[in-house]
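The values are calculated or read from the model by the stated rules, or taken from the named source; none is laboratory data. Keep in mind that this is a model prediction, so the values were computed, not measured. In this analysis, Cβ positions are derived from the backbone assuming ideal geometry, glycine residues included, and neighbour counts consider all displayed protein chains.
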Amino acid sequence: MLLKLTILPGDGIGPEVTEQAVLVIQAVAERFEHQLELQHQLIGGAALAAVNDPLPPETIQACLSSSAVLLGAVGSPAFDHNPGHLRPEAGLLRIRRELGAYANLRPAVFFSALEDCSPLRAEVVRGTDIMIVRELLGGAYFGQPRSIEGNPGSRVAVNTMRYGESEIERIARVAFDLAEKRKKRVLSVDKANVLECSRLWREVVTRIGKDYPEVKLAHQYVDSAAMLLVQRPADFDVVLTENMFGDILSDQAGGVVGSLGLLASASVGGPVGLYEPVHGSAPDIAGKGIANPLGAILSVAMMLRHSLQLQREAACVESAVNHVLQHGARTADLAGKTHAAISTTEMGSRVVNAVKLTAAQALQAEKSLR
Ligand code: NAD
């Protein structure tokens, strides 16, 4: 199969983790005999520095003509004082919109090898396997009007949270479809006691839920969901929520399972899927070679599964990550006091070796079945 991918390394640790993720894609392509066509493009601060546009037209064109897009992260303190449309994050919001990627899937899975990494007790976090389904193109991040107006000292800032019924319907269906293939439970998270958007959200989700009689639907206010996420994370299955609540809860879920650096995401719904680790550009550790590349690598597994329908290859990458963690590989964010920390590149090359091993085993098993 021809895998035509656009790579957007972005800023900070983005290029560091993306480089390792690309090595993993190359190993998968080589072992499973796929043809790989990679194109690197600019986004975020890197694009601002080069052409003063956080999402140049060539980047959009390349993404739209690919089978899938892999993004590192965007964001740089160098652009903190730029107007909104000339900040790196504007490039990220625009590429999601250009690709029509309205459904952001953010799994938070606890790896048994990492019991010592979670701030929670092992018996609380064990068994955690959450799929956060976050609406990605609506709510306060996109709503108009938005502005800061007035004179210094008396300025007023406005953002608008806005949701239409059709936007809620389509994301609800993504969550219910996923739940049907999992434990058949959807928790819809809102703030219906305060926000009109949430009241509409709850009404529409309840209506769509009737089309999925096998899935048990429950509703929870976001504040109480945040508390339950640390008290009983293993009780969650699919969490369905709007843009900003999903942004916050998924970082929290990262803390619960051990590190934000482990979390992958898929943004789908449009013609081309966008895959990226949940974390940002981490300027505090950028350039030190210590970032955890596993979120980016697991995003490759999601890409193989959701955009390229290569289930066997996706499973191979996931088992390779599991394998290296079981064998004690830890970047600084996971090392704690019990393990020596390895670098970003060392973690990447251990996963590549494990991919080769796991692929050989998978291919051997297939041969012996024939
Ligand atoms: P962040 O996710 O970049 O970092 C939060 C903390 O987690 C930091 O201490 C960082 O060192 C650590 N961390 C993050 N990823 C890690 C990894 N792979 N390995 C080890 N440690 C890791 O969030 P932030 O500090 O709030 O934001 C920094 C910049 O990133 C900002 O400009 C923000 O707008 C941007 N951002 C971008 C995205 C994205 O591109 N999708 C997401 C969130 C934030």
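Any idea which of VAL124, VAL189 is in contact (Cβ under 8 Å) with a residue 24 or more places away in the chain, in the same structural domain as LEU229 (by TED's automatic domain parsing) and either part of a strand (DSSP E or B) or closer than 27 Å to GLU214 by Cα (or both)?
Step by step, each of VAL124, VAL189 is checked, and only VAL189 is in contact (Cβ under 8 Å) with a residue 24 or more places away in the chain, in the same structural domain as LEU229 (by TED's automatic domain parsing) and either part of a strand (DSSP E or B) or closer than 27 Å to GLU214 by Cα (or both).
Can you tell me which condition ARG305 does not meet? The list is (1) within 14 Å of the ligand (Cβ to nearest atom); (2) surrounded by fewer than 21 Cβ atoms within 10 Å (Cβ to Cβ); (3) within 28 Å of ARG97 (Cα to Cα); (4) not assigned by TED's automatic domain parsing to the domain that holds ILE132, and all the others hold.
Exception for ARG305: condition (1).
Out of the residues in the stretch 253-274 meeting the condition of being among the aliphatic types (A, V, I, L, M) and either within 8 Å of the ligand (Cβ to nearest atom) or under 15 Å from GLU318 (Cβ atoms) (or both), tell me which one is surrounded by the fewest Cβ atoms within 10 Å (Cβ to Cβ).
Ranking the candidates gives LEU260 first.
Note down all Cβ pairs under 6 Å where the first residue falls in the stretch 228-254 and is closer than 20 Å to ARG126 by Cβ, the second is more than 16 Å from the ligand (Cβ to nearest atom) and in a loop (DSSP other than H, G, I, E, B), and they're at least six residues apart or on different chains.
PRO233/THR128; ALA234/GLY127; ALA234/THR128; ASP237/ARG182; ASP237/LYS183
Within the group VAL124, VAL133, which residue is more than 15 Å from the ligand (Cβ to nearest atom), β-branched (Val, Ile, Thr) and surrounded by fewer than 23 Cβ atoms within 10 Å (Cβ to Cβ)?
Among VAL124, VAL133, only VAL124 is more than 15 Å from the ligand (Cβ to nearest atom), β-branched (Val, Ile, Thr) and surrounded by fewer than 23 Cβ atoms within 10 Å (Cβ to Cβ).
Conditions tested, residue by residue: (1) crowded, with 19+ Cβ neighbours inside 10 Å; (2) touching a Phe, Trp or Tyr at 6+ places or on another chain (Cβ under 6 Å); (3) in the same structural domain as GLY127 (by TED's automatic domain parsing).
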| site | (1), (2), (3) |
| --- | --- |
| PRO145 | no, no, yes |
| SER154 | no, no, yes |
| ARG173 | no, no, yes |
| PHE176 | yes, yes, yes |
| GLU180 | no, no, yes |
| LYS184 | no, no, yes |
| TRP201 | yes, no, yes |
| VAL204 | yes, no, yes |
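For VAL321, indicate whether it is closer than 30 Å to SER65 by Cα, more than 16 Å from the ligand (Cβ to nearest atom) and β-branched (Val, Ile, Thr).
no
Could you list, in sequence order, all residues of the stretch 280-293 that are at negative phi and either more than 8 Å from the ligand (Cβ to nearest atom) or touching a Pro at 6+ places or on another chain (Cβ under 6 Å) (or both)?
Passing the criteria: PRO283, ALA286, LYS288.
Taking PRO277 and the conditions (1) assigned by TED's automatic domain parsing to the domain that holds GLY45; (2) surrounded by 20 or more Cβ atoms within 10 Å (Cβ to Cβ); (3) away from the ligand (no atom under 12 Å from the Cβ), which numbered condition does it fall short on, given that it satisfies the others?
Result: PRO277 passes all but (3).
Against the definition (away from the ligand (no atom under 16 Å from the Cβ), in contact (Cβ under 8 Å) with a residue 12 or more places away in the chain and not in a loop (DSSP other than H, G, I, E, B)), how does ALA359 come out, yes or no?
yes
Residue under question is LEU325, and the condition is that it be part of a helix (DSSP H, G or I) and within 17 Å of LEU262 (Cα to Cα); does it hold?
Yes: the conditions hold for LEU325.
Residues in the stretch 1-52 that are surrounded by 22 or more Cβ atoms within 10 Å (Cβ to Cβ), more than 16 Å from the ligand (Cβ to nearest atom) and either of a type in the set (Val, Ile, Thr) or not assigned by TED's automatic domain parsing to the domain that holds GLY75 (or both): how many?
2
Tally the residues that are buried (at least 20 other Cβ atoms within 10 Å of the Cβ) and within 13 Å of the ligand (Cβ to nearest atom), restricting the search to the stretch 333-351.
Total meeting the criteria: 6.
With at pLDDT 95 or above and away from the ligand (no atom under 16 Å from the Cβ) as the only criterion, which of ALA314, ALA296 stands out?
Sole residue among the options that is at pLDDT 95 or above and away from the ligand (no atom under 16 Å from the Cβ): ALA314.
Just checking, which of ALA329, ALA296 is surrounded by 16 or more Cβ atoms within 10 Å (Cβ to Cβ), aliphatic (A, V, I, L, M) and more than 22 Å from HIS34 (Cα to Cα)?
Only one candidate passes the filter, namely ALA329.
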